[in-house]
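Structure first, commentary second.
Just so you know, all these numbers are worked out from the coordinates, no wet-lab data involved. The model shown is predicted, which means the values in this text are computed figures rather than measured ones. Please note: Cβ atoms are built from the backbone with ideal geometry, for glycine as well, and neighbour counts cover all protein chains shown.
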Amino acid sequence: MKISEQTISIDGIDKIILKLLTEDARTPIMVISKATGISGAAVHQRLKKMEKAKVISGSQIILNPKILGFKTMAFIGIYLDKAIRNPEAVKQLAQIDEVIECHYTTGNWSIFVKLLCRDNEHLMELLNKKIQSVEGVSRTETFISLQQQLNRQISL
């Protein structure tokens, strides 16, 4: 791995390590060691370097929202009455558990959020009682995802 200014160049061994870990974050170091042809200690050192350089951060368990009863995924474009209200609006949106992503965007909306709901009725309740009551929200546009067709990380 080579660090220069704001970008980081990773070599073939780093790519193998990252590919294996993005496929399964619980891949044992020894399996990675065999796949790369370097020692377990060297794999560990490379992982530490990538963490320090912020190429990677932690690992996570991915929940299946549908199995847990969240069958509706929606995206909401939020218009604010004043751009200065953004930080406070984001703080209030962060208090809504169903909001799983929040983006400050260019274009029509001030904020674009992704949320998971049990069903359309739950979505309507969140819109009417929580999201549209956030101070500064003047209106919203809602898009319901019929099917998530692709979900991946950046390819190396």
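Data overview
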item: Under the Karplus curve 6.51 cos²θ - 1.76 cosθ + 1.60, θ = phi - 60°, whole-Hz ³J(HN,Hα) for the stretch 11-24, x wherever Gly or Pro sits; result: 8, x, 5, 4, 4, 5, 4, 5, 4, 4, 6, 6, 6, 7
item: Förster radius 25 Å - calculated FRET efficiency between SER155 and ALA25 (Cβ-Cβ, nearest 0.05); result: 0.90
item: Relative contact order of the chain, defined on C-alpha pairs under 8 angstrom at six or more residues apart (%); result: 23 percent
item: 10 Å Cβ shell holding at most 11 others, DSSP loop, GluC sites (Glu not before Pro): longest site-free stretch of the chain; result: 6-134
item: In order through the stretch 117-133: 3J(HN,Hα) via Karplus (6.51 cos²θ - 1.76 cosθ + 1.60), integer Hz, x for Gly, Pro; result: 10, 5, 6, 5, 5, 4, 4, 4, 5, 5, 4, 6, 9, 10, 5, 6, 8
item: Listed residue (GLN60, VAL31, GLN45) projecting farthest to the positive dipole end of the stretch 19-70, Cβ model; result: GLN45
item: Pairs beyond 23 Å (Cα-Cα), from LYS66/LYS91; LYS19/LYS49; LYS54/LYS82; result: LYS66/LYS91; LYS54/LYS82
item: Trypsin sites (Lys or Arg not before Pro) restricted to DSSP loop in the stretch 20-80 with at most 14 other C-beta within 10 Å; result: ARG26, LYS54, LYS66, LYS71
